[in-house]
Amino acid sequence: MKKVIPFAMTALLFGSVAVTPTALANGGEVVVTSGAQNDEAQVQPIFIKIAGTVENVEVRDNATYYTTKEGENTNVFAVNKDTLVFDNTGKEVKLKKGDKVTAYNYANKPMLAIYPPQYNPEVIIVETEAMGSVAVGSFDKDLLSEEYSLKLNVSEETKVSSTSGKDVTVADLQEQNLLVFYAITTMSIPAQTPPTKVIILDNEAQEEAEVDTAELDPVEAAVQAIIETDFHEVEGAKMVPLRLIAEELGYKVQSTGTGAIVSKGALSFTITRGEKMYGFNKALGQFDVAPALLEPTKTYVPVTFVEELLKSK
């Protein structure tokens, strides 16, 4: 399918006290709506923010896939050479299992219609115990964030760069999407900060994000439709129909009376209802919840198994 790939402080803090900052909400595009009594500015986010802890790492195709978990939510981050990966102090790092991360993805970027949700984020931040915060969003000509929560006081000490690699100056930061690293803020409204590092997100990722979602793989879209409409909840797990999804993905499904053999090319899965263990070629895999006959003639498996079936695409 077509892949959408995208991606030292000297400033004076006037009339206020420096404090350790809290996380900044994502930048956004302000839309003004009229209320019954007054007008209110509402923020349409330019970036969405996804947090989690890396539980699995897999290298395939031209990217590395990091499966993350946050509570009951599972997400996959596809990381390639264009993905910016830093810790919260602004140091470039490599992701590893166990890292607590926050990813920033353009809100209008089309997503693959698969489960768990898969993102190709522009920025991934590894959260550490070191003092340092990050803001990702759009800033105006006065270097004020679109949601009016942070004002940048850039000095000669601030490291300024761009994802495109071109030379930039402080003036180039105006009216741009920025990745900002900072350590302290004032207690004013808006809060002000002398950032340690600012990166202009000026690559073509956002333009590519505007590709028509109709260009997404129709097979995966069909699978997602099945997942959304034909499922059962068992022991906290979402169970989906094995045969319908497997055959949609081009697998041959052979009933064994107590389960099924699902095969395609060199891949073969032997699944038995009521048993969490399943055969995978000459190895074994394990379901979180055992497959079950939840409707007449229809065996259901945990939705997480769909990711295993998708590996043959």
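The single residue among A290, A260, A246, A283 that is among the aliphatic types (A, V, I, L, M) and surrounded by fewer than 13 Cβ atoms within 10 Å (Cβ to Cβ) turns out to be A283. Of the listed requirements (1) part of a loop (DSSP other than H, G, I, E, B); (2) modelled with pLDDT of 95 or more, L179 misses just one: (1). The single condition among (1) within 19 Å of P116 (Cβ to Cβ); (2) assigned to a loop (DSSP other than H, G, I, E, B) that V301 does not meet is (2). Summed over region 217-258, residues that are hydrophobic (A, V, I, L, M, F, W, C), outside any helix (DSSP H, G or I) and in contact with a Lys or Arg (Cβ under 8 Å, 6 or more places away or on another chain) total 3. For region 130-138, indicate whether the set of residues that are over 30 Å from D217 (Cα atoms), touching a Pro at 6+ places or on another chain (Cβ under 6 Å), of a type outside the set (G, A, S) and at pLDDT 95 or above is non-empty. No, that holds for no residue.
Here is a list: E29, E92, E55. Which entry is surrounded by fewer than 16 Cβ atoms within 10 Å (Cβ to Cβ), at pLDDT 55 or above and farther than 24 Å from G165 by Cα? Step by step, each of E29, E92, E55 is checked, and only E55 is surrounded by fewer than 16 Cβ atoms within 10 Å (Cβ to Cβ), at pLDDT 55 or above and farther than 24 Å from G165 by Cα. Within region 116-134, at least one residue is buried (at least 18 other Cβ atoms within 10 Å of the Cβ), of a type in the set (D, E) and under 19 Å from P45 (Cα atoms). Report whether or not Y148 is under 20 Å from D217 (Cβ atoms), of a type outside the set (G, A, S) and either at pLDDT 95 or above or outside the structural domain of K238 (by TED's automatic domain parsing) (or both). So Y148 does not fit the description; no. For region 271-311, which positions are of a type in the set (A, V, I, L, M, F, W, C), touching an Asp or Glu at 6+ places or on another chain (Cβ under 9 Å) and closer than 20 Å to L244 by Cβ? Once the filter is applied, which keeps residues that are of a type in the set (A, V, I, L, M, F, W, C), touching an Asp or Glu at 6+ places or on another chain (Cβ under 9 Å) and closer than 20 Å to L244 by Cβ, region 271-311 yields F287, V289, A290, L310.
Against the list (1) of a type in the set (A, V, I, L, M, F, W, C); (2) surrounded by fewer than 19 Cβ atoms within 10 Å (Cβ to Cβ); (3) within 30 Å of Y119 (Cβ to Cβ), the condition M239 fails is (2).
The values are calculated or read from the model by the stated rules, or taken from the named source; none is laboratory data. These numbers come from a predicted model, not from an experiment. All Cβ positions, glycine included, derive from the backbone under ideal geometry; neighbour counts span all protein chains shown.
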